[in-house]
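The structure under discussion appears below in the form of structure tokens.
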Amino acid sequence: MQPILDIPILEDDLDAPRTAGAESAGRRLVFLETYGCQMNVSDSEIVASVLQSAGYGLTHDERAADVVLLNTCAIRDNAEQKVRRRLEELRARKRRHRPDLTLGVLGCMAERLRHKLLEEEQLVDLVVGPDAYRDIARLLDETSDSGQAAVNVLLSREETYADIQPVRYDTNGVSAFVSIMRGCDNMCAFCVVPFTRGRERSRPVDSIVAECTELAAMGYREVTLLGQNVNSYRFTDAGTSVDFAELVYRVSLVSPELRVRYSTSHPKDCSDALLHVHRERPNVCNYIHLPVQHGNSDVLERMRRTYGREEYLALVERARSIVPGLSLSTDIIAGFCGETEDEHRDTLSLMETVRYDHAYMFAYSERPDTYAARKYVDDVPEDVKKRRLTEIIELQTRISLETNRVDVGGVHDVLVEGFSRRSETQVAGRTDTNKMVVFDRGSWRPGDMARVRITGCTSATLFGEAVEAA
Ligand code: SAH
Ligand code: SF4
Ligand code: F3S
């Protein structure tokens, strides 16, 4: 069972030796490597589309590529370090074996690091920011004609790439990302995203619904609507305005066979209208990623999150009362500026109160230009940050195990995504509540909806046996 590739990544692209034929056909091959969040994965699909329309081929084999593009993330220092190490490695290969190789940096590191990447370190030939992907083929021509680096890192107030049909570069053929808005205006004190991706803007409703309709027709069974703060989505046209709750509702009408998820939502914008869409529409998943960041109101204020602990807890209670069985996940930062031991314990107690099904947990990493970098001191020592993060992770692992155990014995509808990572005799898929379930392959194929009885679990995975087709 292979992942279904719906895109013309030609078989001969995959291992194409660097032949004169390919050169003379003028078809240069591009290898795209994506770091960071789902938005970057979705953006790589836009880049793949723009390049393909300009006559480039796509390859999954780095050695066959004429152009290697890294779509980068700047959210924490270690994300940037990873990309820098990779660039040095590629740079060394270029120097030794492939002087004609073009190296490019796209995405969130582009703006801030363009001078360093181009001048001080001379690492790359191409730097393209997240709003300049329409320009990428021209920039590639420019660098190959002039032998000089080419750059476009301008941020836009309008660009949503609404008319570009993404090329699903790394697809499983079952579930797809659909970008609905870009940028972020929230300016959380710790966060670099407003600087790397610019102002918030929403994509026209019709283009989103059209893309989801096409995905359903192609056999996709799940869409995740993407943005930095999806629930602040608002598109206004000719006097009528559509908000996020209305958008999710409209997407849910595309097909009863198409599951709808979204990521990421901000607690301040999680409306009752949206919660009612979760309740009323069976194909809108019973799951919300609702990043809290911290459990103490003073820290939340320093973080400029615009809600306090009690407000957040009230929202969780309201969400669970409107949407029975709702599963929740979150993001948490340990060791933010000025965090005391008591404030840290408030994060642990909030986690005990909410009992998230899943969490993404990070040690605070100061980012240049942010409000926190300008106004506060990054004063929690590294070893204390690490210890607090470990406590948070250990607590969440216990809670995830306990919430998973509650599922054992129950029956869930599972959308099969592909093989289990461990064994080709098993398949893996997700429940409506976003939990990964592994069960025997039988004759199940990606895209099937199986009804599965849960027989066991770890903190990360449920195990089960298929009962019948859902
Ligand atoms: N737009 C999303 C988050 C995008 S970044 C939202 O608002 O929820 C994903 C997560 O990275 C954030 O939720 C936060 O927990 C974490 N993060 C962001 N900046 C960080 C920093 N400077 N140090 C550590 N973690 C950070
Ligand atoms: Fe960053 Fe806050 Fe915007 Fe999320 S909402 S992207 S954390 S500024
Ligand atoms: Fe990273 Fe940019 Fe996403 S900084 S987390 S890739 S928006």
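Quick one: is Val192 within 11 Å of ligand 1 (Cβ to nearest atom), crowded, with 22+ Cβ neighbours inside 10 Å and among the aliphatic types (A, V, I, L, M)? Yes, satisfied.
Scanning segment 181-195 for residues that are assigned to a loop (DSSP other than H, G, I, E, B), of a type in the set (A, V, I, L, M) and near ligand 2 (Cβ under 6 Å from one of its atoms) yields a single hit, Met187. Listed by first and then second residue, the pairs linking a residue in segment 357-376 that is closer than 21 Å to Arg112 by Cβ to a residue that is within 15 Å of ligand 3 (Cβ to nearest atom) and part of a strand (DSSP E or B), with Cβ atoms under 7 Å apart and 6 or more places separating them unless they lie on different chains, are Phe362/Ile333; Tyr364/Ile333.
Give me the residue from segment 102-120 that is among the hydrophobic types (A, V, I, L, M, F, W, C) and in a helix (DSSP H, G or I) and, out of that set, nearest to the chain's Cα centre (by Cα). Ranking the qualifying residues of segment 102-120, first place goes to Ala110.
Screening the candidates Asn283, Asn229 for the property of being within 16 Å of ligand 3 (Cβ to nearest atom) and within 26 Å of Arg430 (Cβ to Cβ) yields one hit, Asn229.
Annotation note: Cβ proximity below 7 Å between a residue of segment 36-55 that is away from ligand 1 (no atom under 16 Å from the Cβ) and a residue that is among the small types (Gly, Ala, Ser) and not in a helix (DSSP H, G or I) (sequence gap 6+ or interchain) occurs for Gly55/Gly26. Checking every residue in segment 70-77 against the condition of being surrounded by 18 or more Cβ atoms within 10 Å (Cβ to Cβ) and modelled with pLDDT under 95 gives zero matches. For segment 201-217, the count of residues that are within 16 Å of ligand 1 (Cβ to nearest atom) and either in a loop (DSSP other than H, G, I, E, B) or out of contact with any helix residue (DSSP H, G or I) (no Cβ under 6 Å at 6 or more places or on another chain) (or both) is nonzero. Among the residues of segment 310-338, the ones that are of a type in the set (A, V, I, L, M, F, W, C), over 16 Å from Thr403 (Cβ atoms) and in a helix (DSSP H, G or I) come to 4 in all. When Tyr356 is tested against (1) within 16 Å of ligand 3 (Cβ to nearest atom); (2) in contact with a strand residue (DSSP E or B) (Cβ under 6 Å, 6 or more places away or on another chain); (3) not hydrophobic (A, V, I, L, M, F, W, C), exactly one condition is not met: (1). Return the only residue of Val452, Val414 being closer than 18 Å to Gly173 by Cα, touching a residue at least 12 places away in the same chain (Cβ under 8 Å) and surrounded by 18 or more Cβ atoms within 10 Å (Cβ to Cβ). Going through Val452, Val414 in turn, the sole match is Val414. Here Arg388 fits the description: within 29 Å of Met351 (Cα to Cα), buried (at least 19 other Cβ atoms within 10 Å of the Cβ) and in contact with a helix residue (DSSP H, G or I) (Cβ under 6 Å, 6 or more places away or on another chain).
The values are calculated or read from the model by the stated rules, or taken from the named source; none is laboratory data. Model, not experiment: these values are computed from the prediction. Neighbour counts are summed over all protein chains in view; Cβ atoms, including those assigned to glycine, are modelled from backbone coordinates with ideal geometry.
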